[in-house]
1. Does the stretch 253-260 contain any residue that is over 30 Å from Y86 (Cβ atoms) and in a strand (DSSP E or B)?
2. Please work out which residue is nearest to T87 (Cα to Cα), limiting yourself to the stretch 156-180 and to residues that are more than 16 Å from the chain's Cα centre (by Cα) and buried (at least 19 other Cβ atoms within 10 Å of the Cβ).
3. For the stretch 309-333, give me each residue that is in a helix (DSSP H, G or I) and touching a His at 6+ places or on another chain (Cβ under 9 Å).
4. For residues in the stretch 211-223 being outside any loop (DSSP other than H, G, I, E, B) and more than 15 Å from the chain's Cα centre (by Cα), which is surrounded by the fewest Cβ atoms within 10 Å (Cβ to Cβ)?
5. Would the stretch 190-202 turn up any residue that is crowded, with 19+ Cβ neighbours inside 10 Å and closer than 29 Å to V328 by Cα?
6. Got at least one residue in the stretch 321-328 being open to solvent by less than 80 Å² (accessible area, probe 1.4 Å) and under 30 Å from K200 (Cα atoms)?
7. Where the second residue is open to solvent by 50 Å² or more (accessible area, probe 1.4 Å) and among the charged types (D, E, K, R) and the first is assigned by the TED database to the domain that holds Y330 and lies in the stretch 272-291, which pairs have Cβ atoms under 8 Å and are six or more apart or on separate chains?
8. Please indicate, with yes or no, whether at least one residue in the stretch 236-252 is over 24 Å from the mean Cα position of the chain (by Cα), in the same structural domain as S173 (by the TED database), assigned to a helix (DSSP H, G or I) and free of Cβ contacts under 8 Å to residues at least 40 places away in the same chain.
Amino acid sequence: YVVVVKCGTSAERGSPRAGNRGKRDSQLIVAGLLNRVHHGRELCELDVALCRALSDLRIGIDDLTYLMAIDADTRVDKASTAQMIYTMEKDERILACCGETKVDNKAQSWVTAIQVYEYYSSHHMKKAFESVFGAVTCLPGCFTMYRIKSEDDRPLLACDWVFGQYARNDIESLHEKNLYHLGEDRMLTTLLLQHFSDMKLSFVPEALCWTIVPHTFQILLSQRRRWINSTLHNMFELLKVKTMCGICFVSMKTVVVTDMIATVILPASLVYAAYFLYLVIVQGQPLSSSILLIYGIIIGCQVVVFLFRSRWDYLLWFLAYFIVGIPVFYFFLPLYSFWHMDDLSWGQTRQVAKDPEAEKKAAEEKRRKEEEAKGGGGGGGSERKERWKEPTTTTDDAESAKKGSVVSDVTPRVRNLSEDLDANTIDLGSVQVVEC
């Protein structure tokens, strides 16, 4: 396999998140490579390094059909990849699909315990319902498979419109910052729904993975602030999708509008439910049939899921969610998120402790480079940059680029690299490509 290590600039070395530009940056590295290769455009240095690494592994960039996105803290079941590929091979109209994400650290704390059933219900109720209509509104970046190109060689994930919209760097408004900086998974899903109206986004319940969820309340606050705010803003973008199935009020757009309203009124609805229980239990007022019907439907749907899926092992986790989780997820988290909607920081999720040794090495490296620059010893980097420009484009290269062939343009530049770079590691300054 090939590992791309985002090391960051020299000023970032030693910091906890050196080189970390977020998930969207990692997705754009691959999507940009696929886009430039498909259209025969000039490759950047990283593209060439990746193509060389894949070539050494005897993998042609044009032969890639599927792209699997998995988070570093995600553990995937052995049969999951086969299940997802089987689903996409069976239906060529499926553009992307996701599986069920389970909680790996269930009993670590009360915070992880209340998330177990929430993860389960969000997949087997929400995503399963949306999948029936071929319009899953959020493909999680931790466990999703994308189709790179169609049978007729049409680019899908790396098409110009989707790549161009997803690669925007002119994000100024609060609405767009919530979309691109905090909710990149949902935004990419929305762009796919907008552009490929003839294809489907599906949920594969047989494909399983396990992820590490926040174990403290403070980290949970940071994560859900990003999720809730980005979800709310993304729903406005989903309303622009004109090809969602259904007519008038019987459509996926109605589901999106209902979901958006429900997200906003969650705290108020919980207060109303508590007041309703007070009137019935303490003051002895008679039950309203309409209220009973509403709550019967809400609870009944979850009971039906239990019966059909035969997941009685989730009963205890449901009790933990019902007793402790509902006040947290329906009241405290939404209120905190709405109050901090202008907070665009990543928060405390997946923080990495500072390494004193790494900081020391970074300071020494920075000092050494400054001394070399003062002493005129900094010519090596410019010489390497010049080598990337070789060889000059010939007539044959121009003809092959017109035909969409990139392999002939990659090979000579890759050979020049091997003269001064290690055979297994290519150092591009802020990025390294390692063949394993």
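1. No: zero hits.
2. To start, the set of residues in the stretch 156-180 that are more than 16 Å from the chain's Cα centre (by Cα) comprises 156, 159-161, 164, 168-176.
Going one step further and asking which of them are buried (at least 19 other Cβ atoms within 10 Å of the Cβ), we end up with 156, 159.
Details: L156: 17, C159: 23 Å.
Looking at the filtered set, the residue picked out is L156.
3. In the first step, residues of the stretch 309-333 are kept if they are in a helix (DSSP H, G or I); the result is 309, 312-333.
R309, the sole residue that qualifies.
4. Out of the qualifying residues, it is Q218.
5. Scanning the stretch 190-202 turns up at least one residue that is crowded, with 19+ Cβ neighbours inside 10 Å and closer than 29 Å to V328 by Cα.
6. As a first pass, look at the stretch 321-328 and keep what is open to solvent by less than 80 Å² (accessible area, probe 1.4 Å): 321, 324-328.
Within this subset, residues satisfying the condition of being under 30 Å from K200 (Cα atoms) are none.
No, that holds for no residue.
7. Final answer for the pair search is none.
8. No: zero hits.
The values are calculated or read from the model by the stated rules, or taken from the named source; none is laboratory data. Predicted model, so just to flag it, every value in this text is computed and none were measured. Every residue, glycine as well, gets a Cβ built from its backbone with ideal geometry; the counts of neighbours run over all protein chains shown. These accessible areas exclude ligands, DNA and RNA; they are computed on the full protein's heavy atoms, side chains included. Shrake-Rupley method; radii C 1.70, N 1.55, O 1.52, S 1.80 Å.
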